[in-house]
1. Can you tell which of ALA248, ALA240 is open to solvent by less than 20 Å² (accessible area, probe 1.4 Å) and assigned to a loop (DSSP other than H, G, I, E, B)?
2. So for the range 261-284 (the condition being surrounded by fewer than 24 Cβ atoms within 10 Å (Cβ to Cβ), more than 16 Å from ligand 1 (Cβ to nearest atom), under 20 Å from GLU184 (Cα atoms) and in contact (Cβ under 8 Å) with a residue 12 or more places away in the chain), does at least one residue qualify?
3. Restricting to the range 61-75, what's the tally of residues that are open to solvent by less than 60 Å² (accessible area, probe 1.4 Å), modelled with pLDDT under 95 and part of a helix (DSSP H, G or I)?
4. Filter the range 3-19 for residues that are under 22 Å from THR119 (Cβ atoms) and of a type outside the set (D, E, K, R); which is farthest from the chain's Cα centre (by Cα)?
5. Six or more apart or on different chains, Cβ under 6 Å: which pairs go from a residue in the range 246-258 that's among the charged types (D, E, K, R) to one that's within 16 Å of ligand 2 (Cβ to nearest atom) and outside any strand (DSSP E or B)? Could you list them?
6. When you check PHE202 against the structure, is it more than 16 Å from ligand 1 (Cβ to nearest atom), surrounded by fewer than 17 Cβ atoms within 10 Å (Cβ to Cβ) and not in a helix (DSSP H, G or I), yes or no?
7. For the range 216-255, how many residues meet the condition of being in contact with a His (Cβ under 8 Å, 6 or more places away or on another chain) and over 30 Å from ALA110 (Cα atoms)?
8. Within the range 106-146, work out how many residues are surrounded by fewer than 18 Cβ atoms within 10 Å (Cβ to Cβ), over 20 Å from ALA173 (Cα atoms) and away from ligand 1 (no atom under 15 Å from the Cβ).
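The values are calculated or read from the model by the stated rules, or taken from the named source; none is laboratory data. Because the structure is predicted, anything quoted here is derived from the model rather than measured. Positions of Cβ are backbone-derived with ideal geometry, glycine not excepted, and every protein chain shown enters the neighbour counts. Calculation scope for accessible area: heavy atoms of the full protein, side chains included, ligands and nucleic acids excluded. Shrake-Rupley method; radii C 1.70, N 1.55, O 1.52, S 1.80 Å.
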Amino acid sequence: MKHHTLLMPLDMHLHLRDGIMLENIALLSAYSFSGALVMPNLVPPVRSKEELLAYKARISQAVGMEAADEDEFEEIGEFSDNGGFEPYMTLFYQNYDKVFLAEIAEEITAIKLYPAGITTNSEGGVKNFDLNEMRPTLEAMAELNIPLCVHGETDGFVMDREAEFMNIYDALATNFPKLKIIMEHITTKAAVEMLDKHPNLFATITVHHLLMTLDDVAGGMLKPHLFCKPIAKRPQDRDALLQIALNAHPKVMFGSDSAPHPRDKKESCGCAAGIFTAPIALQLLCELFDKHGKLENLQAFVSDNAQSIYSLCPEFKEVILAKRPFKVPEDYKGVVPMYAGETIGWAIEDVN
Ligand code: DOR
Ligand code: ZN
């Protein structure tokens, strides 16, 4: 049987939620990832040092391996002593003063900017991109070496929102050349083309945007569990993403944007945006990279590039995957994953 080993996989864009959802799903990421960049779009969002440290403590408690219920892991592989999991914390963007940023810099890995109202729990985001108003915050971030992660969508026509946002990326990258800017979950050829225009622009890509187009979401019967923001785009967009991911472009990292919602919030007349991929992301990536004969580049895409871009030193973890059929569970404690009930080509064999 063909095997592939990944070292210290990192998920550089993850929604861990809070409360019972956090308790139910955090271990699924902690099982196979060394760490993850944790999104701050809670209700209310994470905006103060107290909120941030308290949230980090709740995450650490939720992933405390001693609290693990081993039965939960039967379906995803044998549970073993598989090392730690680092939650790399983020703050929700608003204009912050430099004193505050200097004080919190040690505790955070990035600040996440959402345009107001563009996606789940983003109402408190940025209303208009007035760079002069934002300048003190962004300059302080650049000086303190705090990267800016951006949900790059305008409020235009849904298929054009990301492409329309390229002007804002351009302005941000030009005006703040020392600021590291990460274009989160890119979905378009336009974003791929933007990546190399500025040395301070980077990007994350999800596994679902590498696998699907809008046809998979809405071309036949509507698939609520494949509905997310940004929405999946055209085949030529997906192919542009594949090209840079499979070749592990050094400015690109894996970020799942795994975004769990309870089943009733997805299978509803107002379906929440978000695809739950955390427990199957590495398996799907192995299958995809193997299919394209690019398995040797997966390590850079799922860990090495992120380590260099963010200067991270994750704890040792080794994930051994095998090329064998794996039936994706129908749900994980009421949260339906991508490809629920379907059989995929790779499985996690062991984690050390
Ligand atoms: O589909 C999405 N779900 N996109 C986002 O940007 C947010 C996320 C969520 O928090 O549910
Ligand atoms: Zn997200």
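1. Numbers: ALA240 fails: assigned to a loop (DSSP other than H, G, I, E, B).
Answer to the check: ALA248.
2. yes
3. Qualifying residue count for the region: 2.
4. Of the range 3-19, the ones under 22 Å from THR119 (Cβ atoms) are 11-19.
In the following step, the residues that additionally are of a type outside the set (D, E, K, R) were identified as 12-16, 19.
Numbers: MET12: 5, HIS13: 2, LEU14: 4, HIS15: 7, LEU16: 10, GLY19: 20 Å.
Out of the qualifying residues, it is GLY19.
5. From residues that are among the charged types (D, E, K, R), the pairs are ASP257/HIS185; ASP257/THR206.
6. Working: more than 16 Å from ligand 1 (Cβ to nearest atom): yes; surrounded by fewer than 17 Cβ atoms within 10 Å (Cβ to Cβ): no; not in a helix (DSSP H, G or I): yes.
The answer is no for PHE202.
7. Final tally of qualifying residues: 0.
8. Residues that pass the stated criteria total 2.
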